[in-house]
Amino acid sequence: MSRRLPSSQEALRILAEKRTRPQRRPPPPAGRGLAKLLRDLDQKFGQGPAALQARWREVVGAEIAKRTEPVKLVKGRNGGPSSLEIRVAGPSAAIIQHQAHEILARVNLFLGPDAVQKLRIVQGPLRHAPEPPPPRRRPQPLDAAQEAELVQGLADAPEGKLREALLALGRGVLRQQR
C-alpha cells in the first residue's frame with residue numbers, strides 16, 4: 001500500500017496548519033542564578049579573604065603590601081576570636097610584628113568592626129610577583145653644538161677611560177640643565 005506524496009502547495013498548506021514544537025531555549029547563565037545567592041551570603045558572612053586579597057594593597061598600604069600577603073581568614077569557634085594569617089617575606093617579619101596593631105585596625109576598617117582579633121605571621125616566599133620598576137627613559141642626546149663644545153673642552157684630556165668618563169659626566173650635566 002503506497003501513499004501518494006502531497007504536492008508542494010498541499011505541503012505548504014499542511015505545514016501552515018500544523019503546530020510545531022517551540023524552539024528549545026538555552027538555560028540561563030549560571031551567574032544570573034548565583035548572583036542572588038552570593039549577595040545573600042556576602043551580607044551574612046562578609047566579604048572574606050578573597051576581597052581582602054584583591055584589595056590588600058589599598059587596605060594596608062604600599063610599603064606593607066610589598067612585604068606581605070594575606071593567606072587565610074580563620075573564624076573563631078563558638079564566638080572565639082578570629083585570626084588573619086599573613087605571609088611575610090623573610091626578615092621583614094620583625095617589622096610587620098611591630099605594625100600588627102596598625103594592620104589589624106586597617107583590616108577591621110575594611111572587613112567590619114571586630115572582624116579580626118588576632119594576626120598570625122608566617123614567614124615564607126610571597127606568591128605575588130613584586131611590581132617591576134617603571135621603565136627607564138632613554139636620555140635625549142645633546143644637540144650637535146653642545147656635543148662639539150664638550151668634545152672641544154676635553155681636547156686636552158688624555159685618550160682612554162678617563163676621557164670617556166668625563167664625556168659621559170659632561171653629557172649628563174648638560175642634559176639636566178635643559
Inset, instruction - On a 0 to 90° scale, report how tilted helix 30-45 is relative to the longest principal axis of the chain, with both axes built from alpha carbons and the result rounded to the nearest 10. - result: 60
Inset, instruction - Measure nothing fancy, just the Cα-based angle from helix 161-176's long axis to the longest principal axis of the chain, in degrees from 0 to 90, nearest 10. - result: 60
Inset, instruction - Take a quick pass over the chain and tell me how many lysine pairs come in under 14 angstrom between Cα atoms, counting only ones 8 or more apart or on separate chains. - result: 4
Inset, instruction - Calculate the dipole size of the chain relative to its Cα centre from +1 charges on Lys and Arg beta carbons and -1 charges on Asp and Glu beta carbons; express the result in debye to the nearest 20. - result: 1820
Legend entry - Whole-number accessible area per residue in Å² for region 1-111, which is evaluated in the context of all protein chains at 1.4 Å: 82
Inset, instruction - For region 106-111, just list the computed ³J(HN,Hα) in residue order, Karplus coefficients 6.51, -1.76 and 1.60, θ = phi - 60°, integers in Hz, with x standing in for Gly and Pro. - result: 5, 5, 5, 5, 7, 8
Inset, instruction - Just the Kirkwood number for region 34-178, please: inverse of mean 1/r across all distinct Cα pairs, in Å, one decimal. - result: 19.8
Inset, instruction - At 20 °C and 1.002 mPa s, grab the translational diffusion coefficient of region 67-110 from Stokes-Einstein with a Kirkwood Rh over Cα pairs, rounded to a whole number in µm² per second. - result: 187
Inset, instruction - Give me the percent of the accessible area of region 40-143 that comes from carbon and sulfur atoms, probe 1.4 Å, all protein chains in place. - result: 53
Legend entry - Label-point separation in nm, ARG127 to ASN78, each point 7 Å along Cα→Cβ: 3.2
Legend entry - Long-range Cα-Cα pairs in region 33-106 (distance over 21 Å), rounded percent: 36
Inset, instruction - Multiply the residue separation of SER8 and ALA155 by 0.36 nm, subtract the distance between their alpha-carbon atoms, and state the gained length in nm to one decimal. - result: 42.7 nm
Inset, instruction - In debye, nearest 20, what is the charge dipole magnitude of region 1-97 about its Cα centre with +1 on Lys and Arg Cβ and -1 on Asp and Glu Cβ, if you could check? - result: 800
Legend entry - Whole-Hz couplings from phi, Karplus 6.51/-1.76/1.60, listed for region 80-86; x for Gly and Pro: x, x, 8, 9, 10, 9, 10
Legend entry - Cα-based helix-to-principal-axis angle, 144-153 vs the chain, degrees rounded to 10: 30
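The values are calculated or read from the model by the stated rules, or taken from the named source; none is laboratory data. Here the structure is a predicted model, which is why all the values come from computation and not from measurement. Note that we place each Cβ from the backbone using ideal geometry, even for glycine, and neighbour counts take in every protein chain shown. Heads up: the accessible areas ignore ligands, DNA and RNA and are worked out on the full protein's heavy atoms, side chains in. Shrake-Rupley method; radii C 1.70, N 1.55, O 1.52, S 1.80 Å.
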